[in-house]
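The values are calculated or read from the model by the stated rules, or taken from the named source; none is laboratory data. Because the structure is predicted, anything quoted here is derived from the model rather than measured. Glycine also receives a Cβ, built like all others from the backbone with ideal geometry; neighbour counts cover every protein chain displayed.
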Amino acid sequence: MFLKFRKKKKKKEKPVAQTLIDFPTERFEINGDVLTLRLATVSDIPGLVAIQEAVYNGYAPWVARDFYHELTTEKDRLYLVVSKRDQVVAFIALVRREQVPDLHIANLAVLPVWQGQKVGSYLINTAKAVAWEIGLPKLSLEARRSNTGALALYDRLGFHVEDVIENYYVDNKEDAISMVENLEG
Ligand SMILES: CC(C)(COP(=O)(O)OP(=O)(O)OC[C@H]1O[C@@H](n2cnc3c(N)ncnc32)[C@H](O)[C@@H]1OP(=O)(O)O)[C@@H](O)C(=O)NCCC(=O)NCCS
């Protein structure tokens with residue numbers, strides 16, 4: 001067969017590395033819209049970058065390369081996305097930290113048009129359920145001192161301030177507020 005007629009092989013998507021748990025796809029409703037919560041795949045990466053650009057004024061702290069590495073190489077991760085049809089509208093990045101031990105929320109963002117409708121709360125509550133299921137005693141995260149809305153949300157969901165890490169964020173030397181939620185009674 002002539003080379004030009006040879007069928008182009010479809011590029012196979014690289015599978016995500018082994019995730020923390022076998023997370024089953026869920027559907028939930030927000031103000032009449034049915035959303036899907038599922039494991040992230042490599043195809044979601046442009047959507048993950050776009051959400052960050054939308055929430056951080058055009059700047060994505062984690063670029064496509066970072067997400068690709070996280071999804072395909074790192075173990076002890078659980079990346080979940082919320083989608084409405086084909087559009088990714090929110091995500092949460094979870095990391096199991098063996099030494100602490102805890103489940104760390106490394107990244108969380110909701111597209112601006114979906115904010116304030118409890119999608120973030122749903123993701124955090126899902127993270128709590130995951131931590132329980134895999135036997136981790138606490139959930140943790142860091143937020144910028146200036147991110148008062150997010151800090152208030154975490155406080156309402158049961159987190160408390162554990163530490164202040166001075167000059168933590170490299171872009172503007174802002175302090176990080178480190179929060180934890182103990183899950184054991
Ligand atoms: C913080 C964030 C994940 C919360 O998700 P969400 O779906 O808007 O949160 P919920 O609807 O469950 O909860 C709403 C609460 O979140 C807080 N919040 C923070 N930023 C908010 C925003 N831009 N719009 C609405 N609520 C916001 C408020 O405390 C709000 O409480 P209220 O409804 O009583 O005003 C989301 O606002 C977001 O993506 N922000 C930009 C990225 C970010 O800051 N990520 C967290 C880094 S630590």
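Can you find a residue in the stretch 10-31 that is within 16 Å of the ligand (Cβ to nearest atom) and under 26 Å from I177 (Cα atoms)?
There is no residue in the stretch 10-31 that is within 16 Å of the ligand (Cβ to nearest atom) and under 26 Å from I177 (Cα atoms).
Quick check on the stretch 164-185. Is at least one of its residues within 10 Å of the ligand (Cβ to nearest atom) and surrounded by 19 or more Cβ atoms within 10 Å (Cβ to Cβ)?
Looking through the stretch 164-185, at least one residue is within 10 Å of the ligand (Cβ to nearest atom) and surrounded by 19 or more Cβ atoms within 10 Å (Cβ to Cβ).
Residues are listed down the side, and each one gets a yes or a no for (1) touching a residue at least 40 places away in the same chain (Cβ under 8 Å); (2) closer than 21 Å to F91 by Cβ; (3) in contact with a Phe, Trp or Tyr (Cβ under 6 Å, 6 or more places away or on another chain):
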position	(1), (2), (3)
Y154	no, yes, no
L157	no, yes, no
D163	no, no, no
K173	no, no, no
N182	yes, no, no
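If you go through the stretch 28-85 one residue at a time, how many are without any contact (Cβ under 8 Å) to a residue 40 or more places away in the chain and touching a Ser or Thr at 6+ places or on another chain (Cβ under 8 Å)?
1
Can you name every residue in the stretch 5-28 that is of a type outside the set (V, I, T), at pLDDT 75 or above and closer than 23 Å to E74 by Cβ?
Within the stretch 5-28, E13, K14, P15, A17, Q18, L20, D22, F23, P24 qualify.
State all residues of the stretch 100-126 that are within 22 Å of G58 (Cα to Cα) and of a type in the set (S, T, N, Q); if no residue qualifies, say none.
N107, Q115
Within the stretch 116-133, take every residue that is touching a helix residue (DSSP H, G or I) at 6+ places or on another chain (Cβ under 8 Å) and within 7 Å of the ligand (Cβ to nearest atom) and give me the one that is nearest to L39 (Cα to Cα).
For the stretch 116-133, the residue satisfying everything is G120.
Quick check on my filter: what residues within the stretch 134-163 are under 17 Å from Q115 (Cβ atoms) and more than 9 Å from the ligand (Cβ to nearest atom)?
If the condition is that a residue be under 17 Å from Q115 (Cβ atoms) and more than 9 Å from the ligand (Cβ to nearest atom), then S146 is the only one that fits.
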